[in-house]
1. Condition first: within 16 Å of ligand 1 (Cβ to nearest atom) and either over 15 Å from B:F281 (Cα atoms) or in contact with a His (Cβ under 8 Å, 6 or more places away or on another chain) (or both). Now tell me which residues in segment B:250-270 satisfy that.
2. Can you tell me which residue in segment B:93-114 is nearest to B:G204 (Cα to Cα), limited to those that are outside any helix (DSSP H, G or I) and open to solvent by less than 50 Å² (accessible area, probe 1.4 Å)?
3. Given the options A:L383, A:L399, name the one that is open to solvent by 50 Å² or more (accessible area, probe 1.4 Å), away from chain B (no Cβ under 14 Å) and within 30 Å of A:A69 (Cβ to Cβ).
4. Give me the pairs, please: first residue somewhere in segment A:86-105 and on the phi < 0 side of the Ramachandran plot, second residue anywhere and outside any helix (DSSP H, G or I) and among the hydrophobic types (A, V, I, L, M, F, W, C), beta-carbon distance under 6 Å, and either six or more positions apart or on two chains.
5. All but one of (1) away from ligand 1 (no atom under 16 Å from the Cβ); (2) out of contact with any strand residue (DSSP E or B) (no Cβ under 9 Å at 6 or more places or on another chain); (3) in contact (Cβ under 8 Å) with a residue 60 or more places away in the chain hold for A:T22; state the number of the condition that does not hold.
6. Anything in segment B:232-241 that is among the charged types (D, E, K, R) and facing chain A (nearest Cβ under 8 Å)? List them, or say none.
7. Run down B:E339, B:E307 and say which single residue is closer than 20 Å to A:A325 by Cβ, free of Cβ contacts under 8 Å to residues at least 60 places away in the same chain and facing chain A (nearest Cβ under 7 Å).
8. Look through segment B:208-231, keep the residues that are part of a strand (DSSP E or B) and of a type in the set (D, E), and return whichever of them is surrounded by the fewest Cβ atoms within 10 Å (Cβ to Cβ).
Amino acid sequence: MSNPLSDMELPNVMFCIGTNMTECHPVAATRLKKAKAKGAKLIVADPRRIRLAEHADLYLPLRVGSDVALLLAMAHVIVREGLVDGEFVATRTRDYEAFRDHVAEFTPEWASAICQVPAKDIALAARWFGEAAPGAIYYTLGITEHISGVDNVQSLSNLALMTGNLGKVGGGINPMRGQNNIQGAGDCGAIPSGFPGFQACDDPANVAKFSKAYGREIDCEKGITKVTALDLAGDKIHAMLIDGENTVVSDPDKGHCEKALRSLEHLVLIDIFETDTAKFADVVLPATAWAETDGVVTNTERRPQRLRAAVPAPGEARPDWWILAELAKRLEMPGFDYSGPDEIFNELCSLSPIYAGLDWDLVGTGAYQWPVPEKGHPGTPRLHETEFPNGRGIFKKILYRDPAEVVDDEYPIWLTTGRRLQTYHTNTQTGRSEGIDYFVPHEVLEVHPEDLTAWGLADGQLAFLESRRGGIEIRVEAHPRSPRGTVFSSFSFAATPINDLTGSGYDPVTQTAELKVCPVKIRPVAENEPVPSS
Amino acid sequence: MSDRQAGAGQATLVIDGAEVAFEPGESLFEVSARVGKRLPSLCYDERLEAFGACRLCVVEVEGIRNPVASCTTLAADGMVVTTSSAEVEAWRKTLVEMVASENREVEVDPLRGHASQELSRLVARYDAVPGRFAGEPSGKSREDDGNPFLLRDYDLCISCYRCVRVCAEQQGDHAIGIANRGFETRITTEFDGELRDSACVFCGQCVQTCPTGALADRKAMRGVDVPGEIEKTRTICPYCGVGCSVDLMTKGDKLVGVQPAMDGPANKGALCVKGQFAFDFVQHEDRLAHPMVRNDDGELVRASWDEALDRAAKGFRGVVERHGRHAVYGVASGRAPHEAAYLMQKWIRTGFGTNFIDNCSRA
Ligand code: SF4
Ligand code: FES
């Protein structure tokens, strides 16, 4: 997030797009509700009439995967109605003129035909956001899990730049991260493009720095993403070490993923449960869990905070860091003699400019938000207050593209996936917490009540749902939250592996899978009918 | 005892003989608390709008005939305030006795909730006798609500409305309401039904602000009979990226519950249903307790750490020998701490000299 969570109580217009915040980031959503109670306007754009939409002053029910069209038209209206922040654009940005000319043709009427939101509502959203002081944007995977994920994010950045809402109290572009240390995994350099602190790993100076620090010559070129690595499994990639991820349930296109893992010569997992992925492992190493582990995690607002152990781990389970260090020593890697997690965190701080002013003791109360460039620095609650990483904010000319697969006669229904309030990720944790099943005993497919009738289905009936990649049985539930022609399920239940179906495409830049859009077809299943194999 | 110098032009008042500067908008309650005189209260929660219902926080103000509720009285320049006098203390004691007399019990297990000891602490402080007044409970317990998380023990309700207000003001959901008025007042949900069928999202915030344990953490209460004292350890919720601060409650080696940290930077006392109640996966019997390796029959079997680590290392060495160092790939977790992610990338970069490392954010 460019801005702190506390800023969420301050905007006078909040634009939430592709974020089911009341279910996925519930405590953050409480702040938006407070801003609303103080009179702020809330605009919600989401294909499903999610709970947040019920709080909205303006709800834009856009078709799945049509975000770019909506955002182009909003930019068009902001230009047309003279709501551009001229001073911000002149002093802080680049390439505005080209962008202005680019959006001239993308009228709300044009967008309406694509995203199925009334043109007048698109114009109203643009007007509100253009007049906001300040206006803030919030988004989640509903923006990024598309083949156009990067385009979506850049379209949002264009909106924030043209209205001067970056670097301001109560404004900003604010992606909400979905796992408690997913921000931290990136901060630590567990990405193919950067060393710790997002130092580019194709920059010779950085490569020299880390080659020296680690005592090993490191390639001066980016690595491949996990998606590519799975694609290349059995071909170029032959061994994997995976920490704590139930890949075969969480990843798109389950069939492909299982085949990839099976074709590895060597797979080592570190985890707290024997997950479905363990079927493919040669070695499974038991890790300590949350509440048993001392460490640091960084939240969505760039705030490192301390995890503390309170109970002993079961049996012989060991902290991840201990396991990795032991495995390193057995492969004769230098530099893995650590006495504890504090020493490791302090090494990270010494190598990462955004953490340079931090250490294990300083993060104890969670008082800092990175970057903290040197000791004594107070941290950076808001990014971009005076400048952007490359100096000026750059406008990008984005074009709308259809999703990788669109509905047709054979697969006429849009499937979109996500999380629910009570279950988390692949449910390995929430599913083992007593009481959660009182709310969510099994997975269901949410279908608009009129669609149920139209498709010959009864509420609660078993149905067979099928995409070009695979099919599963799932119980349907009448739900007015789903728009006509679009159905929803979470990916939390291994018994209903919705990711057998997904995986139609990937963003060409980030290789994030298009989990939010998948054309499917559906038919009723009699309760005793054998499941067709596909 | 002022922590601020009363600068020229700044408004001041006198509390128990000491001059204190204040900011416009501060209540007498807040000014007193700031100078170390936390007034007794039952309906007060610093995160909520002052309510003025319990009257325990009354103070005497020169020139005003009756004592005033300090939480709803704004500080004004030149006020002279007395926070404690024989009369005020006697009045507070009577109030505590009246409130306590309405309730079935005053001593409740601290596992019920973060604020659950407030009433019993006041009873002790004022040496109050709970049975002195014939009292009628403010509410009736809802034993019929089978939800696994929130106990609705309304026999203990004292009508402070903190639950109603935290739901409306903090959570923004308005799931809890007030039925009837006056003597018939009851805390209830819309339609008076089970919570599951209401707007309730089971965030647990009502439980944590209740000063008597009338709303209680059913899940933590399963640990009431676990021997040992409750110890609290500050950590961060394991679920989403908001990063709410929580206190783990343990008795010996058993994790019995979670309470929100009122001073957590990201959450200020709020949690959601996952962070509040979904903690017991940690000590679940399914946890992996031993390393496992696949044997010749293709089964995963228990192994020692030495065996498992040797086998893991050997496999990587063999793959590098056969296919080169670009054949190994590492995936870090988005749910393990920094030390895991950092060492995973170091392991790949040091061991193989590649950048063949990613995390699970793309799923
Ligand atoms: S309590 Fe809920 S909102 Fe807070 S970090 Fe945990 S999952 Fe996220
Ligand atoms: S705290 Fe002031 S009236 Fe209850």
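The values are calculated or read from the model by the stated rules, or taken from the named source; none is laboratory data. Every value quoted in this text rests on a predicted model; they were computed, and no experiment measured them. With ideal geometry, Cβ positions are generated from the backbone for all residues, glycine too; neighbour counts draw on all protein chains shown. Protein only, heavy atoms only, side chains kept; ligands, DNA and RNA dropped before computing areas. Shrake-Rupley method; radii C 1.70, N 1.55, O 1.52, S 1.80 Å.
1. Once the filter is applied, which keeps residues that are within 16 Å of ligand 1 (Cβ to nearest atom) and either over 15 Å from B:F281 (Cα atoms) or in contact with a His (Cβ under 8 Å, 6 or more places away or on another chain) (or both), segment B:250-270 yields B:Q259, B:P260, B:A261, B:M262, B:D263, B:G264, B:P265, B:A266, B:N267, B:K268, B:G269, B:A270.
2. B:G113
3. A:L399
4. What qualifies is A:R94/A:I394; A:Y96/A:F395; A:F99/A:F395.
5. The number of the failed condition is (1).
6. Passing the criteria: only B:R234.
7. B:E339
8. B:E231
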